[in-house]
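Input: a single structure, listed below in structure tokens.
Bear in mind these aren't lab numbers, they're just calculated from the coordinates by the rules spelled out. Here the structure is a predicted model, which is why all the values come from computation and not from measurement. Please note: Cβ atoms are built from the backbone with ideal geometry, for glycine as well, and neighbour counts cover all protein chains shown.
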Amino acid sequence: MAGRRKGRILAFQALYAWDVSHISLEDLLSFDWVESDKREKLGEDGIAFPRLIIAGAVEHIAEIDDMISGHLNNWDFSRLNRVDLAILRMSAYSLMFQHDIHPSIVIDEAVDIAKEFGSDESYRFVNAVLDTIRRKIEGDKGQTEA
């Protein structure tokens, strides 16, 4: 699990950089921005997981942002803290498209990353938004299976 946690942190950092610096997707996915010794420790297998999240989140950014926007209670999307937004984008992507990962794992990891990198209230906010997204996705699944 430690490898996946590191992968999620890399994905969060990449999505943050993409949002604030407009770094190209190609540059993000090369991981040249990660210190070479850390990149070597991760190896190709360790980079595959965050690469999937980053590429998927950027590819589906409009859909992901719509999902996040639709689950912000009394909050404007444009006012979101960029750290929180990167965590939400990474996690919403996982909830929406990575059905092999249990939603509670995605949300728990996002909360932990928000505690480490966000503001004092980030983890509560991230948890609340992702939980409503999870419920929406599960509700939609239930309707299509019925």
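How big is the chain by Rg and Dmax over its Cα atoms, in Å?
Cα only, the chain: 14.9, 51 Å (Rg, Dmax).
For GLU109, what is the net charge nearby, where nearby means another residue's Cβ is under 15 Å from its Cβ and Lys, Arg count +1, Asp, Glu -1?
+1
What are the lysines whose alpha-carbon lies under 21 Å from the alpha-carbon of LYS115, with same-chain residues fewer than 8 places away excluded?
Answer for LYS115, where 21 Å is the Cα cut-off: LYS6, listed by chain and number.
In deg cm²/dmol, rounded to 500, what helix-only [θ] at 222 nm does the chain give when every DSSP H run of at least 4 residues adds -39500 (n - 2.57) and the total is split over its residues? Please list the in-between numbers first.
Numbers: 7 runs with 114 residues, N = 146.
Dividing the helical sum by the residues of the chain leaves -26000 deg cm²/dmol.
When only DSSP loop residues count, what GluC sites (Glu not before Pro) in the stretch 45-145 have their Cβ near at most 11 other Cβ atoms within 10 Å? Numbers along the way, then the final one.
Values: sites: GLU59, GLU63, GLU109, GLU116, GLU121, GLU138, GLU145; in loops: GLU121.
Those that pass, being in a loop and sparsely packed, are GLU121.
Over all distinct alpha-carbon pairs, what is the Kirkwood Rh of the stretch 30-99 in angstrom?
So the Kirkwood estimate lands at 13.5 Å.
Based on Cβ point charges of +1 for Lys and Arg and -1 for Asp and Glu, what charge dipole magnitude is obtained for the stretch 2-145 about its Cα centre, in debye rounded to the nearest 20?
Working: 17 positive and 26 negative charges, 59 e Å.
In debye, rounded to 20, the stretch 2-145 gives about 280.
Would you please give the FRET efficiency between SER78 and ASP100, computed as 1/(1 + (r/R0)^6) with r the Cβ-Cβ distance and R0 = 30 Å, to the nearest 0.05?
0.35
Could you sort 42-52, 88-98 so that the peptide with the highest average Cβ count within 10 Å comes first and the rest follow in order?
So the peptides 42-52, 88-98, ranked by packing, come out 88-98, 42-52.
With 16 Å as the cut-off, how large is the P(r) tail for the stretch 81-137, expressed as percent of Cα-Cα pairs?
I get 30 percent for the Cα pairs in the stretch 81-137 exceeding 16 Å.
List the relative contact order of the chain as a percent without decimals, with contacts defined as Cα pairs under 8 Å and 6+ residues apart.
The normalised contact order for the chain reaches 24 percent.
In degrees from 0 to 90, rounded to the nearest 10, what is the angle of the helix 36-59 Cα long axis to the longest principal axis of the chain?
Value to nearest ten degrees: 30.
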